[in-house]
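Written out below as structure tokens is the structure these notes cover.
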Amino acid sequence: MNIATLSGEKGLLLLPVNAHVVLNIHLSAALNEKLKSVYIGKQPKSALLFQMPAKVKHAALLQEGHIATVRAVSMEGEGAILAFNTTILRFYSPPFAMIATTIPDKVQLKLIRNEPRFKLEMTAEVARQACKVQGWLEDISCNGCCFCCPLLPQELKSDRVTILLKESETSQQYQLVGRVKNYRNVKNYDYIGISFEDNSKEMIQQLLQSIILKGSRDF
């Protein structure tokens with residue numbers, strides 16, 4: 001597992017404003033929660049700012065002094081997962097609802113390019129112009145994915161394609177664009193390896209963050 005530890009100052013340079021994050025606050029077996037949020041920015045030498053999560057089951061978790069583990073996907077370079085601990089300083093009420101936390105001393109960095117892809121089984125559709133087929137994703141990384149279906153039309157075995165995804169739990173939809181790099185048939189199923197184009201990076205970041213929220217490949 002390729003994990004590096006950076007100083008807080010250097011590590012936070014890889015966390016862009018508006019990045020989707022997960023705040024994991026764990027006080028006990030009964031009182032813990034993973035909260036989806038967005039990184040707003042930093043008050044120099046003072047605090048990190050995050051949007052107030054849309055859904056909070058246990059408001060008591062957001063009290064001053066509680067420690068949160070923050071995880072985020074950075075698309076800088078080849079992509080990495082960032083993780084660090086921070087302490088809640090305070091939270092602000094609407095209309096500017098947000099959470100202020102301490103600036104971490106250290107940030108852990110896990111390079112995605114040197115790790116196996118995220119394993120998942122998510123219903124997907126691959127299309128090119130009027131040709132489309134239903135199937136599922138076998139795995140995904142920040143750079144590409146593997147799509148599988150019982151019978152792949154010849155038109156989709158090469159060239160540029162669009163991948164449409166929908167999460168069953170949240171109904172969140174994702175549209176990714178990539179190029180088919182390889183094709184294989186295994187036990188009557190067709191598989192294509194797809195390399196994502198740069199303009200899909202933001203959407204990939206959101207999808208990977210959702211996978212992390214569900215507990216996949218935490219560190």
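The values are calculated or read from the model by the stated rules, or taken from the named source; none is laboratory data. Small disclaimer: the values here were computed from a predicted structure and weren't measured. Note that we place each Cβ from the backbone using ideal geometry, even for glycine, and neighbour counts take in every protein chain shown. Quick note on the areas: whole protein, heavy atoms, side chains included, nothing else; ligands and nucleic acids left out. Shrake-Rupley method; radii C 1.70, N 1.55, O 1.52, S 1.80 Å.
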Exercise. For the residue pair Ser195 and Thr170, what label-to-label distance in nm results when each label sits 7 Å from Cα along the Cα-to-beta-carbon direction?
Worked result: 2.9
Problem set entry | Tyr191 accessible area, 1.4 Å probe, all protein chains in place, Å² to nearest 10 | 40
Exercise. Considering only Cα-Cα distances, which of the following residue pairs are longer than 32 Å: Lys55/Lys181; Lys10/Lys34; Lys57/Lys110; Lys36/Lys119; Lys57/Lys132?
Worked result: Lys55/Lys181; Lys57/Lys132
Exercise. Which whole-angstrom value gives the distance between the alpha carbon centres of segment 1-59 and segment 108-161?
Worked result: 29
Exercise. Which value in nm describes the separation of the simple spin-label points at Ala60 and Lys119, placed 7 Å from the Cα toward the beta carbon?
Worked result: 3.7
Exercise. By accessible area of protein heavy atoms, probe 1.4 Å, what ranking do Arg90, Arg179 get, highest first?
Worked result: Arg90, Arg179
Seminar exercise, completed: The ³J(HN,Hα) series, computed from each phi in segment 141-156 with the Karplus coefficients 6.51, -1.76 and 1.60 at θ = phi - 60°, rounded to the nearest Hz and given as x for glycine or proline, is 9, 5, 9, x, 8, 10, 9, 10, 7, x, 8, 9, x, 4, 5, 9
Problem set entry | Accessible-area ranking of Thr101, Thr170, largest first, probe 1.4 Å | Thr170, Thr101
Problem set entry | Cα gyration tensor shape for segment 84-144, rounded if a/c is under 1.5, else prolate or oblate | oblate
